[in-house]
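The structure appears right after this line, and notes come after that.
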Amino acid sequence: MKTGFKFGVAVSGLVTMTAFGAWAQDLPKTMVWTSYDVGSAGYAEASAIADAFGKEFGTRVRIQPSGSGIGRLQPLLQGRADYAFLATEAFFVAEGAFDFATRDWGPRELRAVAGRPAGITLIAAGDAGIENVEDARGKRIAFVAGNPSVNVKCEAILAFGGLTLDDVEVVTFPTYGSAMASMTRNESDATCTTPTTSQLYELAESPRGIHYAPLEADNAAGWEGLLKVLPIMSPSDEDVAAGLEEGEIAKMAAYRYPVITTTAEKSADDVYAFIKSLDESYELYKNGTATMSRWTLEKSGKPAIDVPFHEGAIRYLKEKGIWTKEDDAWNEKRIARMDALLAAWEEFLPQNEALSDEEFSQAWMARRAELVSGLN
């Protein structure tokens with residue numbers, strides 16, 4: 001997820017500027033944020049926003065990049081960072097899933113401030129015979145070893161077509177890059193990813209060609225199946241994608257990357273000031289990368305998202321007329337799910353002390369699956 005970046009901020013250092021906005025006192029003088037590695041879209045976008053905060057409000061931001069979800073989360077949970085620009089690990093840690101299904105982790109309570117929509121769907125080689133998701137039955141689907149963020153999204157998208165992993169041939173590749181390039185090499189027929197990954201442009205120009213299996217917004221049964229697997233996505237019309245002709249639209253799902261996340265204990269006033277700053281400095285950072293225009297709060301301040309929205313963010317979104325009764329209902333349901341998981345964890349932990357680490361993780365993932373199936 002590499003991207004160009006136009007602001008030229010210091011790498012992993014202090015972003016400082018001298019121009020002050022009219023209400024700079026509402027923000028702290030310094031902040032610490034975590035993000036993906038230098039060179040990633042998450043780092044570039046966090047840097048562009050930090051640069052805008054410096055220009056507009058005189059706030060100094062130190063960005064701590066990390067290549068792992070745990071590395072991005074630990075400073076936030078330990079109180080050493082104010083905000084984290086996360087990917088789907090925000091959802092996983094809130095659920096205590098995958099890497100976080102361990103004694104040391106388990107579900108943790110987090111809150112979202114905003115999250116930029118990113119499109120994703122089942123992307124197939126043009127000659128693979130996959131017009132719609134349901135056509136993927138029996139086809140070779142590329143997964144990435146040790147990458148639940150990619151793989152669980154693909155599992156959810158397959159569910160849109162009424163398919164499970166048993167209905168397809170999962171082909172696991174050692175790296176994200178090799179998985180994305182596997183269709184061009186005819187080592188797979190389809191995968192699930194964002195539509196601007198560099199390898200997809202190669203696929204589009206190859207003899208195989210490229211096709212985007214549509215996730216139509218009006219397919220109620222499809223969306224019900226998808227959201228049972230991963231309840232953090234929503235319909236999205238994408239007009240920027242490899243091989244897509246100008247003026248064409250691809251019907252995809254949108255997840256959020258990056259998700260600006262903080263703790264539930266973070267002051268509502270602090271979060272209110274942060275999201276207000278994010279909104280009022282938008283003109284300064286919206287052209288920082290090709291996708292940063294999607295940080296407008298009409299897009300980034302709406303469910304579905306990985307974790308519930310923070311009350312401070314909701315206060316500002318209501319003032320702006322963006323937050324609706326339907327959004328309130330979504331947030332309350334999401335908080336209820338998180339509360340149920342936290343309660344189940346407190347009960348599960350002492351009851352399973354004797355299990356090995358592997359057995360413990362498997363048992364918790366099974367308990368979590370049982371619990372959330374009754375909540376959906």
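The values are calculated or read from the model by the stated rules, or taken from the named source; none is laboratory data. Remember, it's a predicted structure, so these values are computed and weren't measured experimentally. So basically every Cβ, Gly included, is an ideal-geometry build from the backbone, and we count neighbours across all protein chains shown. For accessibility, only protein heavy atoms count, side chains too; no ligands or nucleic acids. Shrake-Rupley method; radii C 1.70, N 1.55, O 1.52, S 1.80 Å.
By how many nm would the segment from LEU349 to VAL240 lengthen if fully extended, with 0.36 nm per residue of separation less the alpha-carbon distance? Numbers along the way, then the final one.
Numbers: separation 109, 0.36 × 109 = 39.24 nm, distance 4.57 nm.
Here the segment from LEU349 to VAL240 would lengthen by 34.7 nm.
Shown is the FRET efficiency for ARG185 and THR164, computed with R0 = 25 Å from the Cβ-Cβ distance and rounded to the nearest 0.05: 0.45.
Would you mind counting up the charge near VAL168? Only other residues with Cβ under 15 Å from its Cβ, with Lys and Arg at +1 and Asp and Glu at -1. Here the charged neighbours net out to -4.
Within the chain, the selection of entire DSSP H helices by a Cα span of 20 Å or greater along the long axis and an average Kyte-Doolittle value of at least -1.0 returns 41-57, 325-351, 357-375. Taking the charge dipole of the chain about its Cα centre, with +1 at Lys and Arg Cβ atoms and -1 at Asp and Glu Cβ atoms, the residue from ALA264, ALA363, ALA156 reaching farthest to the positive side is ALA264.
Got the relative contact order for the range 123-239 handy, in percent, Cα pairs under 8 Å and 6 or more residues apart? Don't skip to the end; give the middle numbers.
Details: 187 pairs, mean separation 44.4, N = 117.
Once divided by the residue count of the range 123-239, the mean separation gives 38 percent.
Each Lys or Arg adds one and each Asp or Glu takes one away; over the other residues whose Cβ falls under 14 Å from the Cβ of ILE63, this sums to 0.
Let me check against my output: what whole-number percent is the relative contact order of the range 249-376, with C-alpha pairs under 8 Å and at least 6 apart? Normalised by residue count, the contact order of the range 249-376 is 22 percent.
Counting protein heavy atoms only, the range 302-350 has 52 percent of its accessible area on carbon and sulfur, 1.4 angstrom probe.
Normalised size of the chain, defined as Cα radius of gyration per 2.2 N^0.38 Å with N residues, equals 0.98.
For the range 175-225, report the % of Cα-Cα distances exceeding 12 Å. For the range 175-225, the fraction of Cα-Cα distances above 12 Å is 66 percent.
Scanning the chain for GluC sites (Glu not before Pro) that sit in a DSSP loop and have at most 15 other Cβ atoms within 10 Å, the longest stretch containing none of them is 1-130. Hey, rough spin-label estimate for ALA220 and ASP127, points 7 angstrom out along Cα→Cβ, what's it come to in nanometres? Inter-label distance under the simple model: 4.1 nm.
Here the extension length gained between GLU134 and LEU342 equals 71.3 nm, from 0.36 nm per residue of separation less the Cα-Cα distance. Averaged over its residues, the chain has an accessible area of 42 Å² per residue, based on protein heavy atoms and a 1.4 Å probe.
Around ALA254, under 15 Å between beta carbons, what's the net of Lys plus Arg minus Asp minus Glu among the other residues? Value of the local net charge: +1.
Calculate for the chain the 222 nm mean residue ellipticity that helices alone would give, adding -39,500 (n - 2.57) per DSSP H run of length 4 or more and normalising by residue count, nearest 500 deg cm²/dmol. Rounded to the nearest 500, the figure is -12000 deg cm²/dmol.
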